[in-house]
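One structure is given here, and the rest of the page talks about it.
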Amino acid sequence: ANVTQVDDVAHIAQKIIDSFASPFHVDGRELFVSTSIGITLYPFDDDNLDGLLRNADASMYHAKEMGRNTFQFYTAEINRRTTKRLALETALRHALERNELALYYQPQVNLKTGKITGAEALLRWQHPEMGMVAPLEFIPLAEETGLIIPIGEWVLQTACAQAQAWHLSGYRGFQIAVNLSVRQLQQRSFAKVVAGILRQTGLDPRQLDLELTESLLMQNTDSALAVMDELNSLGAIFSMDDFGTGYSSLSYLKRFPIDTLKIDQSFMHDIPGDPDDAAIAQAIIAMAHSLKIRVIAEGVETAKQLVFLQYHKCDGMQGYYFSQPIPAAALTRLLENGQRLKWHRPVKAKKSTTHAGAKKAGEKKRRIGI
């Protein structure tokens, strides 16, 4: 009743957020609550109750997207984004049953032999009207809505069945890498789900490589470790994806049963030209090998990057230099043709760890906490 201008509304919203800054004390524990507030104004945004509530709700979700514990005013752009998101969510709920989802496979190549030794399964969504929907657009939505659980199970089932088909065709030892999500690791029955899929498809558990990110492990340390131990007892192996982009720590490599580190493609992009990226990649390879962990470089696109990796004894690579993600049939043809990596004679790499370069690397936002 005492609101006379927009600034008054913002002031009230901030007071509400501030009131939750102090923890609640429950059963001897401190509990913290964050507050996200959506604001709409009558009669400027709408002149009926239902419309105002929809606007406020959309604004609240926008506040969550902006980092939570903040407030956002309603705008027409928010309404457009909310409408698009709702349509995308509705379509995604039917994507699995309508067979709109597919797996593409990006080959992984051994840098000693040049042979294809495995592939990473990557989810794709071909919508009949929207076309190919970008993974960065629909996978976070699947995570948020919980749809990642049935979709993730379908991915595992499909990838394991395909890997077993390649195995039966004579390509023994072929490893299939599948990305896991936070939601999947939070399932108490997840290890049983994986075990059931392995039994059903007949795939050797040692040929299943489950990929996790650093951020996933940091957010769910204890629960992730319990599930990983259970899966590791089945024989499945684990890779740490996007290594180096988070707050990487040797303690995680020591604590978790990690078999492979994957150097994030953001480091590979400017190698060997950028001395800092080169130094970081070189350090990751040396560190991993000292811990008896394999290293695969992602996003390899040039012959110079390949030479750098060969010289520093990286174990494997994947990227457009060898192949982009392709359908199963196309990868089968590569295997049948005995496709190998184009070799380049390794040359002595330039030193990348000058005093100035090391100092600059330390100032970068990307940290490796050793």
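Here the Karplus curve 6.51 cos²θ - 1.76 cosθ + 1.60, taken at θ = phi - 60°, turns the phi angles of segment 315-328 into couplings of 7, x, 8, 8, x, 5, 4, 9, 6, 7, x, 9, x, 4 Hz, with x standing for Gly and Pro. Going by alpha carbons, how many degrees (0 to 90, nearest 10) lie between the helix axis of 148-168 and the longest principal axis of the chain? Between helix and principal axis, roughly 10 degrees. With respect to the chain, whose longest principal axis is taken over its alpha-carbon atoms, helix 76-95 is tilted by about 50°.
If the chain linking Thr221 and Asp27 were pulled fully straight, counting 0.36 nm for each residue of separation and taking away their Cα-Cα distance, it would gain 67.4 nm. Under a model in which nothing but the beta-carbon of Lys, Arg (+1) and Asp, Glu (-1) is charged, the chain shows a dipole of about 2060 debye around its Cα centre. Does segment 1-135 come out rounded, prolate or oblate, given a ≥ b ≥ c as the square roots of the eigenvalues of its C-alpha gyration tensor, rounded meaning a/c under 1.5 and, failing that, prolate meaning a/b above b/c? Oblate is the answer for segment 1-135, as a/c is 1.5 or above yet b/c matches or exceeds a/b.
Using a Gaussian network model of the chain with C-alpha springs under 10 Å, which one of Val227, Val182, Val26 is most mobile by mean-square fluctuation? So, out of Val227, Val182, Val26, the one fluctuating most is Val26.
Taking every DSSP helix (H) stretch of at least 4 residues in the chain, weighting each as -39,500 (n - 2.57) and dividing the sum by the residue count yields a mean residue ellipticity at 222 nm of -14500 deg cm²/dmol. A Gaussian network model of the chain, with springs between Cα atoms under 10 Å, assigns the largest mean-square fluctuation among Met228, Met66, Met268 to Met66. The fraction of accessible area contributed by carbon and sulfur in the chain is 53 percent, rounded to a whole number (1.4 Å probe; ligands and nucleic acids excluded). Students often get this wrong, so try it: which of (1) 1.34; (2) 1.17; (3) 1.00 is Cα Rg over 2.2 N^0.38 Å as calculated from the structure shown? Identified label for the calculated read-out: (2).
Relative contact order of the chain, taken over Cα pairs closer than 8 Å and 6 or more residues apart, is 14 percent. Computed over protein heavy atoms with a 1.4 Å probe, the accessible surface of segment 78-140 works out to 54 Å² per residue.
The values are calculated or read from the model by the stated rules, or taken from the named source; none is laboratory data. Fair warning: this is a prediction, and the values are worked out from it, not measured in the lab. Note that we place each Cβ from the backbone using ideal geometry, even for glycine, and neighbour counts take in every protein chain shown. Ligands, DNA and RNA are stripped out before the accessible areas are found, and what is left, the full protein with its side chains, is counted by its heavy atoms. Shrake-Rupley method; radii C 1.70, N 1.55, O 1.52, S 1.80 Å.
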